[in-house]
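S.K.: Sharing a structure below in structure tokens format, with a few things to ask.
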Amino acid sequence: MNVTTKTTVPWLLLVFSLPAKRASQRVEIWRKLQRYGMLPLRSSGYVLPNSAINQERMEWLAAAIRIYKGQASVVQAQGFDDLPAGQLKQRFLEARAHDYQKLLHEAKKILAMSLPRRPAGRLNRLRRRFLELQDIDFFGSPSRARLESLLNRIDQVETPKPARGRTRKAGDYVNRLWITRPRPGIDRVSSAWLIRRFIDPKAKFVFGDEPATHADAIPFDMFCPQGFGHRGEDCTFETLYKEFSIRDRRVRRIAEIIHDADLGDEKFARPEGQGLDRVLNGWAKQELPDDKLLERGTELIEGLYESLA
């Protein structure tokens, strides 16, 4: 009996050509090659480690090249005779080290600034670029840990300290009923997630337009002075995050995402929340009950939290 064993082909190769007159399309393709972390070979073509997502990216890029009247082929390759696997892997590591080094230089400059002088947009662009690099850091560059450590130091310095005279007793907010408005959107959903994840693990939620209908409930994101809501330039999620002095760098980043999605002022230059908001709006159009909408939304935010690890 013959047994066929399936071997994994380790590399993907993209070979293409574009007409010389397609200058703008050539620039567009080059930018995508950079974004996907493709390594140029000295002979011709671009290479990536073989994975489902990398193959999909190459196939879409090849399709775009053909639309631009060019020619493109995606090839699975066992190896390259003039470039051993170890040397090829080292070139990927060197490319990422170069990218991380630029971000390290930028992070050190920001860390050297006093807190009032630190530009929020610049810091958030740095964090976003770090996430992009993680996606194409195929072999785990040692520089990644150095940059992550530096970003953690910046987050620790920026973690808000509890205000004097406003220290909250944890027991006052445990095993409580919380009330918010019906049809919860991005700020209320994420606030409910924050409450249950970090403040009141056994929290129960009800919906209503008037807090008086549930006098024993803690209001959040309601049009009343009681409880927790928008304060100054902060959305409800940010208010809770600061009031309860939650020291978690992932929560801080989610706070910025929710702020931009809820208030739409682009304060933190974080567009990720727009997609989350659209998903929630889509579920709302399906006429899901409020409790089911909240349940799905909190699962969505939990997924976001885990993705930032």
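S.K.: Sort out which residues of segment 100-142 are surrounded by 15 or more Cβ atoms within 10 Å (Cβ to Cβ), under 17 Å from Leu39 (Cβ atoms) and either more than 19 Å from the chain's Cα centre (by Cα) or at pLDDT below 85 (or both), and write them in order of number.
M.R.: Ser141
S.K.: Another one. Evaluate the following for Ser24: is it more than 30 Å from Leu150 (Cβ to Cβ) and modelled with pLDDT under 90? If you could, list the steps in order and put the result at the bottom.
M.R.: Details: more than 30 Å from Leu150 (Cβ to Cβ): yes; modelled with pLDDT under 90: yes.
The answer is yes for Ser24.
S.K.: Cβ-Cβ distance below 9 Å, separation of 6 or more or different chains: which pairs start in segment 79-102 with a residue that is touching a residue at least 24 places away in the same chain (Cβ under 8 Å) and end on one that is open to solvent by less than 50 Å² (accessible area, probe 1.4 Å) and aromatic (Phe, Trp, Tyr)?
M.R.: Listed pairs, sorted by first residue: Gly79/Trp11; Phe80/Trp11; Ala85/Trp11; Leu88/Trp11; Leu88/Phe80; Tyr100/Phe130.
S.K.: Counting only residues that are among the aromatic types (Phe, Trp, Tyr) and free of Cβ contacts under 8 Å to residues at least 40 places away in the same chain, which one in segment 18-49 is farthest from Arg129 (Cα to Cα)? Quick ask: steps written out before the conclusion?
M.R.: The initial filter retains those residues of segment 18-49 that are among the aromatic types (Phe, Trp, Tyr), namely 30, 36, 46.
Still in the list and also free of Cβ contacts under 8 Å to residues at least 40 places away in the same chain: 30, 46.
Details: Trp30: 18, Tyr46: 22 Å.
Among residues in segment 18-49 that are among the aromatic types (Phe, Trp, Tyr) and free of Cβ contacts under 8 Å to residues at least 40 places away in the same chain, the one farthest from Arg129 (Cα to Cα) is Tyr46.
S.K.: What's the number of the condition Glu158 fails, among (1) among the charged types (D, E, K, R); (2) at pLDDT below 90; (3) at positive phi?
M.R.: (3)
S.K.: Among the candidates Glu266, Glu299, single out the residue that is part of a loop (DSSP other than H, G, I, E, B), acidic (Asp, Glu) and open to solvent by 60 Å² or more (accessible area, probe 1.4 Å).
M.R.: Details: Glu299 fails: part of a loop (DSSP other than H, G, I, E, B).
Glu266 is the lone residue from the list that is part of a loop (DSSP other than H, G, I, E, B), acidic (Asp, Glu) and open to solvent by 60 Å² or more (accessible area, probe 1.4 Å).
S.K.: Looking only at segment 183-203, filter to residues that are β-branched (Val, Ile, Thr) and without any contact (Cβ under 8 Å) to a residue 60 or more places away in the chain; which one of those is least open to solvent (accessible area, probe 1.4 Å)? Even if it seems obvious, please write down each step before you answer.
M.R.: Here is the first cut: in segment 183-203, the ones β-branched (Val, Ile, Thr) are 186, 189, 195, 199.
Then drop every residue that is not without any contact (Cβ under 8 Å) to a residue 60 or more places away in the chain, which leaves 195, 199.
Working: Ile195: 0, Ile199: 21 Å².
Selected residue: Ile195.
S.K.: Check segment 208-229 and report whether any residue there is touching a His at 6+ places or on another chain (Cβ under 7 Å), over 22 Å from Ile257 (Cα atoms) and open to solvent by less than 30 Å² (accessible area, probe 1.4 Å).
M.R.: Filtering segment 208-229 for residues touching a His at 6+ places or on another chain (Cβ under 7 Å) gives 208.
Applying the additional criterion that residues be over 22 Å from Ile257 (Cα atoms) yields 208.
This time we only want the ones that are open to solvent by less than 30 Å² (accessible area, probe 1.4 Å), so: 208.
Looking for residues that are touching a His at 6+ places or on another chain (Cβ under 7 Å), over 22 Å from Ile257 (Cα atoms) and open to solvent by less than 30 Å² (accessible area, probe 1.4 Å), one finds at least one in segment 208-229, hence yes.
S.K.: Further question: How many residues are under 21 Å from the mean Cα position of the chain (by Cα) and without any contact (Cβ under 8 Å) to a residue 40 or more places away in the chain if we restrict to segment 274-294?
M.R.: Selection size over segment 274-294: 5.
S.K.: Hey, another quick one. Give the number of residues within segment 269-291 that are farther than 18 Å from Arg127 by Cα and either open to solvent by less than 80 Å² (accessible area, probe 1.4 Å) or outside any helix (DSSP H, G or I) (or both).
M.R.: So the answer is 14.
S.K.: Exactly one condition in (1) in a loop (DSSP other than H, G, I, E, B); (2) over 23 Å from Arg183 (Cα atoms); (3) modelled with pLDDT of 90 or more; (4) of a type outside the set (Gly, Ala, Ser) is not met by Arg247; state its number.
M.R.: (3)
S.K.: Something else now. Enumerate the pairs (first residue in segment 50-71 and more than 26 Å from Asp137 (Cβ to Cβ); second residue anywhere and not basic (Lys, Arg) and not in a loop (DSSP other than H, G, I, E, B)) with beta-carbon separation below 7 Å, excluding pairs fewer than 6 apart on the same chain, so at least 6 apart or on different chains.
M.R.: Arg66/Ala72; Tyr68/Gln25; Gly70/Phe16; Gly70/Ser17; Gln71/Phe16; Gln71/Ser17
S.K.: Out of all the residues in segment 234-255, is one or more surrounded by fewer than 18 Cβ atoms within 10 Å (Cβ to Cβ) and free of Cβ contacts under 8 Å to residues at least 12 places away in the same chain?
M.R.: No, that holds for no residue.
The rows are residues; the columns are (1) assigned to a loop (DSSP other than H, G, I, E, B); (2) hydrophobic (A, V, I, L, M, F, W, C); (3) at positive phi; (4) touching a Gly at 6+ places or on another chain (Cβ under 7 Å).
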position	(1), (2), (3), (4)
Arg188	no, no, no, no
Trp193	no, yes, no, no
Ala212	no, yes, no, no
Pro219	no, no, no, yes
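S.K.: Among the listed residues Leu48, Leu61, which satisfies the condition of being in contact with a Leu (Cβ under 9 Å, 6 or more places away or on another chain), of a type outside the set (Asp, Glu) and modelled with pLDDT of 95 or more? Before you say what the answer is, go through the steps one by one.
M.R.: Details: Leu61 fails: modelled with pLDDT of 95 or more.
Exactly one residue qualifies, and that residue is Leu48.
The values are calculated or read from the model by the stated rules, or taken from the named source; none is laboratory data. Predicted model only: the values in this text are computed from it and were never measured. Ideal geometry is used to build each Cβ from the backbone, glycine not excepted, and the neighbour counts take in all protein chains shown. These area figures cover heavy atoms from the full protein model, side chains too; ligands, DNA and RNA do not enter into them. Shrake-Rupley method; radii C 1.70, N 1.55, O 1.52, S 1.80 Å.
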